[in-house]
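Structure record follows, encoded as structure tokens.
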Amino acid sequence: MPSPGGDLHTASPTAPDHTSDEPSVTGPDHADRVRGSILAGAVGDALGYAVEFSSWQQISERYGTGGLTDLAAVAEPVISDDTQLTLFTLEGLTEALRWANEGSAADELACLWLAYLRWYRTQGELLPDAAPQPPATRLESEPSMRHRRAPGGACLSGLGTGAMGTAERPVNPDSKGCGTVMRSAPFGLVPHVAVEDMVRLAARGSALTHGHPTAGAAAGAFAGIVARIVRGQSLADAVRETLTSLADAGEDAVEMRAALAGAVEAAVADRADHDAVPLDPARLAARLGGGWVAEEALAIAVYCALVDADEDPRLHLRRALVRAANHDGDSDSTAAIAGNIIGALHGTAALDQDWVGRLVERDVVEREVAAFLDAVAGGR
């Protein structure tokens, strides 16, 4: 695999690219990390979506002083646009991998754009004449994908231009909403490829809808954290290396680096002060923001993943998702991103199967994960 934007050579574990970062032999295997990441992200999304547009006061009045702590308390746990777009990212990468497995050059960015255009149609939108009309896929045709659940304005307007946004010719050049970062975990889940290649591809994929440099830096940083974890690094080491990479990235990454450094500093300080940090949504917002923009969403998710770290994978995930969902801001995005990170770290061992079983769209999520893993293994 690539140089992004060129040939996406097979990522098959039976024929790895030995010049790229190889996964560690310790911890969950790659397939288990992929399943864990995508499913934990979907669970976090469903938990956060239930309270996304509620204030902390409204949340605590409805669910008690501890907030929403159990997916069983949600009558119908559904995914939002966050997981929808994550699945379409997965679909775009799967298509590119299959082209590569057949020995054909694949334009990864074009595959992603076509996948996002299909998502755009699921939201009831008509593509302009200037845009290509990609054939429908099984994912687009899935009835459960056709629910419109508060999609980001920049995602819609960027795709609605009919132009394929690039860093050189951006659409929405002033937008850095979290709609880029919350869909970018799959970039980090492609194995046998140099981490920095996938970071660049995630950043370029961000520009399809959000042209602000910080949006690209956030998407790339998220992909980098996930990729480093999948390759066997600890969460702390993955975040530390990502911060170093952001420092080397120059001016475009200044906002993202500052937000991520702030999240790390806050998590280290809080863990030193308390063994278990109390839920304090107001303090979280004052320190890290509401998560409506890309750098804040990733910072909140990383803070929650770090401060709630635990040797018990299920406890780690549950505590982090509760913290990431219970605040005044973009609850579904921050909880989904936290879930993606922790699921990549622990694999399916982190999942509460009762929570997963309650997901309305569980079958669709698992089907798309299986398709991706088949392509990774060389399937056509």
- Message: Can you list residues from other chains, or at least 5 along the same chain, whose modelled amide H is less than 5 Å from the amide H of G67?
- Response: none
- Percent relative contact order for the chain, counting Cα pairs under 8 Å at least six residues apart, stands at 30
- Ranked from the most accessible area to the least, with a 1.4 Å probe and all protein chains present, what is the order of E296, E168, E102? E168, E102, E296
- Item | In Hz, Karplus ³J(HN,Hα) per residue of the stretch 228-238 (6.51, -1.76, 1.60; θ = phi - 60°; x = Gly, Pro) | 5, 5, 4, 7, x, 6, 5, 4, 4, 5, 4
- Cα-Cα pairs in the stretch 100-188 separated by more than 17 Å, as a whole percent of all pairs, come to 54
- Each label point is 7 Å from the Cα along the Cα-to-Cβ direction; what then is the distance between the points at D248 and S55, in nm? 4.6
- Query: Given the C-alpha centroids of the stretch 77-140 and the stretch 327-346, what is the distance between them in whole angstrom?
  - Reply: 23
- Query: Per-residue HN-Hα couplings for the stretch 63-74, Karplus 6.51 cos²θ - 1.76 cosθ + 1.60 at θ = phi - 60°, whole Hz, x for Gly and Pro?
  - Reply: 10, x, 5, x, x, 7, 10, 9, 5, 5, 7, 9
- Query: For A236 and R380, what is the calculated FRET efficiency with R₀ set at 45 Å and r taken between the beta-carbons, to the nearest 0.05?
  - Reply: 0.70
- Query: Counting alpha carbon pairs within less than 8 Å and at least 6 residues apart, what relative contact order, in whole percent, applies to the stretch 234-356?
  - Reply: 23
- Query: Taking only Cα atoms, what is the 0 to 90° angle, nearest 10, from helix 331-346's long axis to the longest principal axis of the chain?
  - Reply: 80
- Message: Counting only protein heavy atoms and a 1.4 Å probe, tell me what percentage of the chain's accessible area is made up of carbon and sulfur.
- Response: 51
- For the chain, what is one quarter of the convex hull surface built on the Cα atoms, given in nm²? 16.6
- Message: Output wanted: per-residue J couplings in Hz (rounded whole) for the stretch 124-138, from phi through Karplus 6.51 cos²θ - 1.76 cosθ + 1.60, θ = phi - 60°, x for Gly and Pro.
- Response: x, 9, 9, 6, x, 4, 6, 8, x, 10, x, x, 5, 10, 4
- Multiply the residue separation of A73 and L315 by 0.36 nm, subtract the distance between their alpha-carbon atoms, and state the gained length in nm to one decimal. 85.3 nm
- Query: For L288, what charge total do you get from the other residues with a beta carbon under 10 Å from its beta carbon, if Lys and Arg give +1 and Asp and Glu give -1?
  - Reply: 0
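The values are calculated or read from the model by the stated rules, or taken from the named source; none is laboratory data. Given the structure is predicted, the values throughout are model-derived calculations rather than measurements. All Cβ positions, glycine included, derive from the backbone under ideal geometry; neighbour counts span all protein chains shown. Heads up: the accessible areas ignore ligands, DNA and RNA and are worked out on the full protein's heavy atoms, side chains in. Shrake-Rupley method; radii C 1.70, N 1.55, O 1.52, S 1.80 Å.
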